[in-house]
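Asker: My questions all concern the structure below.
The values are calculated or read from the model by the stated rules, or taken from the named source; none is laboratory data. Quick caveat, the model's predicted, so the values are computed rather than measured. Note that each Cβ is placed from the backbone with ideal geometry, even for glycine, and that neighbours are counted across all protein chains shown. Protein only, heavy atoms only, side chains kept; ligands, DNA and RNA dropped before computing areas. Shrake-Rupley method; radii C 1.70, N 1.55, O 1.52, S 1.80 Å.
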2 protein chains.
Amino acid sequence: MRIAILLTYEGTGFSGYQVQPGKRTVQGEIERGLLSLHKGQYVKVTSSGRTDAGVHARGQIIHFDTDLPIPAERWPHALNACLPNDIRAMKATPVNNEFHARYDAIGKEYRYRILIGRNGDVFRRNLTFQVTNPLAVDQMREASLVLLGEHDFSSFCAANTSVVDKVRTITDIVIKEEEDELVFIVRGNGFLYNMVRIIVGTLLEVGAGKKQVSEVREILEKKDRTKAGKTAPAQGLYLWKVHYKDVII
Amino acid sequence: MRIAILLTYEGTGFSGYQVQPGKRTVQGEIERGLLSLHKGQYVKVTSSGRTDAGVHARGQIIHFDTDLPIPAERWPHALNACLPNDIRAMKATPVNNEFHARYDAIGKEYRYRILIGRNGDVFRRNLTFQVTNPLAVDQMREASLVLLGEHDFSSFCAANTSVVDKVRTITDIVIKEEEDELVFIVRGNGFLYNMVRIIVGTLLEVGAGKKQVSEVREILEKKDRTKAGKTAPAQGLYLWKVHYKDVII
């Protein structure tokens, strides 16, 4: 029986999602939990994709196969009993045996939270990127329009990647002002390594007046990572939602 | 020159406010920061009162004396440069040399955050007490009325305390429903050791139907800690505001 689970985790305490020897990872903790539930039998876990160290997830999707007679609605409770408290299974659903958390994903939504203020907030220090300078939000919104649609995002992809095809489609970039935060909502059919963080970092430079709105088109056209802005730090980023053809969860 | 500072800290990483040898404490970190700013000269820090391990502060007040020629409005920035990022100085003001952060306090406001929900929230696991069972909020509000005014709060004070006079005045207990949280706002002229956490723990037992509203008056009258409910856990509690005769900050 194949089970899909919607996971949340706070990335602060993890060296990212993917298993690495000797490191505390999200996948490592889930596999350890499943190992214990299955009395020592290894269960392979597949996610919609990796997240980096410090990056959070509000709606990561994983799938695995199990023989345990646990009804799907009881899976979050059963798994949570074997997980550390910075990972929580929130929902579970049975899926058919062809379902694949990564290959079947048709799009993703990421969010990036920026806290604007002079002194920051201790309670959100690991959950937002804290920025002290004022930001020209309208300029950032104008610049973001250039990135919508299908483009080669080579300029917005970490240099150390093995992916060859860097064409992706961004369907939405919404910049919401919520009290003392600026929240970027970025949706697309797929994302390159560090793509959201480089987009946010570049738009922040526009907002701070370090880059002109008109430069963003040039950056995109140059297909050169060195032209874009700095990669915004991990702790502001959330994998918010994974979209599938059929709503699974 | 005497300086008063409004501090915030997340209590998670501290063995409480007060200095203890070999432990990471809020006071210890502030004194270390001031030592460094004063080139190795020890500066004594006085707070409005201690907070326990895991308890947070949104508005702790401290004072200290300094000869440094730093204008008051620059103090938060100067001190923050020498503090770990789970403590932040938010505001500073010069005060007269008689001001005393503890003795001059005429009241305090504490808040206690409860998260209601089945699976909890990874992002608030250290910032709220997560409760899965439904709570009868009206019953809790009714029970809270008994505690208002001047009473001997012996039943709501940790047994291991050296304080003799246990008469205190509670002016407000407000229970606010905010989305998936229940927030207790408790104001009074002073609080005994663990008093807010025992009040919240007792009201939670009323809300869960384990204690009757009418029992709360009996508990108060018995002046016996063993009659009240469990001490609610530290991570839901915030020292929110310290009141002084004159608004200082």
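Asker: So between B:ASN189 and B:HIS77, what do we pick up on full extension, going 0.36 nm a residue minus the alpha carbon distance? Mind dumping the intermediate values first?
Answerer: Numbers: separation 112, 0.36 × 112 = 40.32 nm, distance 3.15 nm.
Length difference between fully extended and current span is 37.2 nm.
Asker: At 222 nm, what helix-only mean residue ellipticity would the protein assembly as shown give, in deg cm²/dmol to the nearest 500, using -39500 (n - 2.57) for each DSSP H run of four or more? Present the calculation step by step, with values, prior to reporting the outcome.
Answerer: Numbers: 10 runs with 100 residues, N = 498.
Per the formula, -6000 deg cm²/dmol.
Asker: Rg and Dmax of the stretch B:67-183 over Cα atoms: what are they, in angstrom?
Answerer: 19.8, 55
Asker: Please give the FRET efficiency for A:LYS44 paired with A:ASP165, using the beta carbon to beta carbon distance and R0 = 25 Å, rounded to the nearest 0.05. Don't skip to the answer; put the middle values down first.
Answerer: Values: r = 27 Å, r/R0 = 1.07.
Approximately 0.40, to the nearest 0.05.
Asker: How high is the relative contact order of chain B, in percent, with contacts defined as C-alpha pairs under 8 Å that are six or more residues apart?
Answerer: On the way: 543 pairs, mean separation 61.2, N = 249.
With pairs under 8 Å counted, the relative contact order is 25 percent.
Asker: If the label point is 7 Å along Cα→Cβ of A:ASN97, which residues in the stretch A:34-77 have backbone nitrogen under 18 Å from it?
Answerer: The answer is A:43-46, A:63-70, whose backbone nitrogens lie closer than 18 Å to the label point.
Asker: What percentage of the solvent-accessible surface of the protein assembly as shown, computed with a 1.4 Å probe over protein heavy atoms, is contributed by carbon and sulfur atoms? Show your work: numbers first, answer last.
Answerer: Numbers: 11130 of 23170 Å².
Ligands and nucleic acids excluded, carbon and sulfur give 48 percent.
Asker: Ignoring the sites themselves, what is the longest stretch of chain B with no chymotrypsin sites (Phe, Trp or Tyr not before Pro) in a DSSP loop and at most 12 other beta-carbon atoms within 10 Å? Before the final figure, lay out the partial values.
Answerer: Working: sites that count: B:TYR42, B:TYR103.
With chymotrypsin sites (Phe, Trp or Tyr not before Pro) excluded where exposed in loops, chain B gives B:104-249 as its longest stretch.
Asker: Next question, about the same structure. Just check the protein assembly as shown against the gyration tensor rule for me: Cα atoms, a ≥ b ≥ c as the square roots of the eigenvalues, rounded for a/c under 1.5, and otherwise prolate or oblate depending on whether a/b exceeds b/c.
Answerer: Values: a/c = 2.33, a/b = 1.35, b/c = 1.72.
Judged from the Cα gyration tensor, the protein assembly as shown comes out oblate (a/c at least 1.5, b/c at or above a/b).
Asker: While we're looking at this one, here's another question. With solvent modelled as a 1.4 Å probe, how much accessible area in total do chains B and A shield from it at their shared surface, in Å² to the nearest 100?
Answerer: Numbers: alone 12520 and 12530 Å², together 23170 Å².
Accessible area lost upon association: around 1900 Å².
Asker: Taking amide H positions as placed 1.01 Å from N in the peptide plane, with prolines and chain starts having none, which residues 5 or more places from B:VAL95, or on another chain, fall under 5 Å of its amide H?
Answerer: B:ARG2, B:ILE3, B:ALA4
Asker: Rounded to the nearest 10 degrees, what's the angle between the helix B:213-222 long axis and the longest principal axis of chain B, both from Cα atoms, 0 to 90?
Answerer: The two axes meet at around 60 degrees.
Asker: What number does chain B give for Rg over Rh if you use C-alpha atoms and the Kirkwood radius? Walk me through the numbers on the way to the answer.
Answerer: Working: Rg = 19.1 Å, Rh = 19.1 Å.
Rg/Rh: 1.00.
Asker: Residues of the stretch A:71-118: accessible area per residue at 1.4 Å, in Å²? Intermediate results must be reported in sequence, preceding the final value.
Answerer: Working: 2380 Å² over 48 residues.
Heavy-atom SASA per residue in the stretch A:71-118 reads 49 Å².
Asker: Quick one: with label points 7 Å out along Cα→Cβ, list the inter-copy distances for A:THR132 in nm, shortest first?
Answerer: Result, one decimal in nm: 4.5.
Asker: Within 10 Å of each Cβ of B:121-130, how many other protein chain Cβ atoms are there on average? Provide the component values of the computation, followed by the final result.
Answerer: Values: counts 5, 16, 13, 3, 4, 4, 2, 0, 0, 1.
Across B:121-130, the average partner-chain Cβ count within 10 Å equals 5.
Asker: For B:GLN41, which inter-copy label distances result when the label point lies 7 Å beyond Cα on the Cα-to-Cβ vector, reported in nm to one decimal and in ascending order?
Answerer: Reported distances to equivalent positions: 7.2 nm.
Asker: Starting from the Cα of A:GLU178, step 7 Å along the direction of its Cβ; do the same at A:ASP65; then give the gap between the two resulting points in nm.
Answerer: About 3.9 nm, to one decimal.
Asker: Taking chain A as the reference, fit the longest principal axis to its C-alpha atoms, fit the long axis of helix A:26-37 to the helix C-alpha atoms, and give the angle between the two in degrees, 0 to 90, nearest 10.
Answerer: Tilt of helix A:26-37: around 10 degrees.
Asker: Right, another one. Report the trypsin sites (Lys or Arg not before Pro) located in the stretch B:171-249 that are in a DSSP loop and have at most 14 other Cβ atoms inside 10 Å of their Cβ, or state none. All intermediate terms of the calculation are to be shown ahead of the outcome.
Answerer: Working: sites: B:LYS176, B:ARG187, B:ARG197, B:LYS210, B:LYS211, B:ARG217, B:LYS222, B:LYS223, B:ARG225, B:LYS227, B:LYS230, B:LYS241, B:LYS245; in loops: B:LYS210, B:LYS211, B:LYS223, B:LYS230, B:LYS245.
Sparse-neighbourhood loop trypsin sites (Lys or Arg not before Pro): B:LYS210, B:LYS230, B:LYS245.
Asker: Calculate how steeply helix A:195-207 sits against the longest principal axis of the alpha-carbon atoms of chain A, using the helix alpha-carbon long axis, and give the answer as 0 to 90 degrees to the nearest 10.
Answerer: Tilt of helix A:195-207: around 30 degrees.
Asker: With a ≥ b ≥ c the root eigenvalues of the C-alpha gyration tensor of the stretch B:45-101, is it rounded (a/c under 1.5), prolate (a/b larger than b/c) or oblate?
Answerer: On the way: a/c = 2.29, a/b = 1.27, b/c = 1.81.
The shape class here is oblate.
Asker: What whole-number volume per residue, in cubic angstrom, does the convex hull of the C-alpha atoms of the stretch B:186-249 give?
Answerer: Working: hull volume 7.1 nm³, N = 64.
So the per-residue Cα hull volume is 111 Å³.
Asker: Over all alpha-carbon pairs of the stretch B:38-133, lay out the pair-distance distribution in 10 Å bins, whole %, shortest bin first.
Answerer: Pairs per bin, as whole percents: 12, 36, 29, 15, 7, 1.
Asker: For the stretch A:95-176, which GluC sites (Glu not before Pro) are in a loop by DSSP, counting at most 16 other Cβ atoms within 10 Å? Before the final figure, lay out each step's value.
Answerer: Working: sites: A:GLU98, A:GLU109, A:GLU142, A:GLU150; in loops: A:GLU98.
Answer by residue number: A:GLU98.
Asker: Give the distance, in whole Å, between the Cα centre of the stretch A:179-216 and the Cα centre of the stretch B:1-33.
Answerer: The distance from the Cα centre of the stretch A:179-216 to that of the stretch B:1-33 comes to 37 Å.
Asker: With every protein chain in place, what's the accessible area of A:GLU29 (1.4 Å probe, Å², nearest 10)?
Answerer: Probe radius 1.4 Å; accessible area of A:GLU29 about 20 Å².
Asker: Provide the percentage of antiparallel DSSP beta bridges, counting only those with both residues in the stretch A:116-249; round to the nearest 5. Provide the component values of the computation, followed by the final result.
Answerer: Values: 12 of 13 bridges.
For the stretch A:116-249, the DSSP antiparallel bridge percentage is about 90.
Asker: To the nearest whole number, what is the average tally of beta carbon atoms from other chains within 10 Å of the beta carbons of peptide A:83-89?
Answerer: Values: counts 1, 1, 5, 4, 1, 6, 1.
Average per residue, whole number: 3.
Asker: In debye, nearest 20, what is the charge dipole magnitude of chain A about its Cα centre with +1 on Lys and Arg Cβ and -1 on Asp and Glu Cβ, if you could check? Mind showing how you got there, number by number?
Answerer: Details: 34 positive and 29 negative charges, 104 e Å.
My answer is approximately 500 debye.
Asker: Let me ask something additional. Report the one residue of A:ASN160, A:LEU147, A:MET195 whose Cα lies farthest in the direction of the positive end of the charge dipole of the stretch A:107-242 (charges on C-beta: Lys and Arg +1, Asp and Glu -1; origin at the Cα centre).
Answerer: Sorting the options by dipole projection puts first A:ASN160.
Asker: Could you tell me what fraction of 2.2 N^0.38 Å the Cα radius of gyration of the stretch A:1-58 comes to, as a two-decimal ratio? Working shown, then result.
Answerer: On the way: Rg = 11.5 Å, N = 58, 2.2 N^0.38 = 10.3 Å.
The reported ratio for this selection is 1.12.
Asker: More than 21 Å apart: what percent of Cα pairs in the stretch B:134-249 qualify? List each step's numbers first, then the result.
Answerer: Values: 2271 of 6670 pairs.
When every Cα pair of the stretch B:134-249 is considered, 34 percent fall beyond 21 Å.
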